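Step one of this worksheet: look at the structure below.
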């Protein structure tokens, strides 16, 4: 099950890891993505804090944490090929985190 923020990020929790990405709606609104800025492994962020940015031919936008946690992995493929997000945003995660509080999912939309 995915949870969505009002700013169109998604989070999927599996065990002690959570995967975070951009919604299909966000990617469609942005258009062709040409650059993505992701954090480093080990960086810690609070819920609602900007952890990266995405740029398209139409706009640039910050990416916000749906829940707080510590980055344990980033999708390295997006550094060289950010356009992969346009092909299937629900299969292309941005980051994985650990050390989150599942109660922070309560105010997110479930799908």
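A short reminder: the numbers here are calculations on the coordinates, not readings from a lab. On a predicted model such as this, the values are computed, not experimentally measured, just so you know. Quick reminder, even Gly has a Cβ in these numbers, built from the backbone with ideal geometry, and neighbours come from all protein chains shown.
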Can you give the calculated 222 nm mean residue ellipticity of the chain, where each DSSP H run of n ≥ 4 adds -39,500 (n - 2.57) and the sum is split over every residue, rounded to the nearest 500 deg cm²/dmol?
-2500 deg cm²/dmol
Global form of the range 1-43, assessed from the alpha-carbon gyration tensor, a/c cut-off 1.5:
oblate
For each of 81, 103, count neighbouring Cβ atoms within 10 Å of the residue's Cβ, then give the residues from fewest to most.
103, 81
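Averaging sequence separations of C-alpha pairs under 8 Å and six or more residues apart, then dividing by the length of the range 2-100, give the relative contact order as a whole percent.
RCO, the range 2-100: 32 percent.
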Ranked highest first by average number of other Cβ atoms within 10 Å, how do 88-98, 54-64 line up?
88-98, 54-64
Heads up, the chain by the C-alpha gyration tensor (a ≥ b ≥ c square roots of eigenvalues; a/c under 1.5 rounded, else a/b over b/c prolate, else oblate) looks prolate
What does the convex hull of the Cα atoms come to per residue for the range 42-95, in Å³?
86
Output row, site residue 77, 7 Å Cα→C-beta label point, backbone N cut-off 14 Å, window the range 83-110, residues 83-95
Alpha carbon centre of the range 57-111 versus the range 12-47: separation in Å?
2
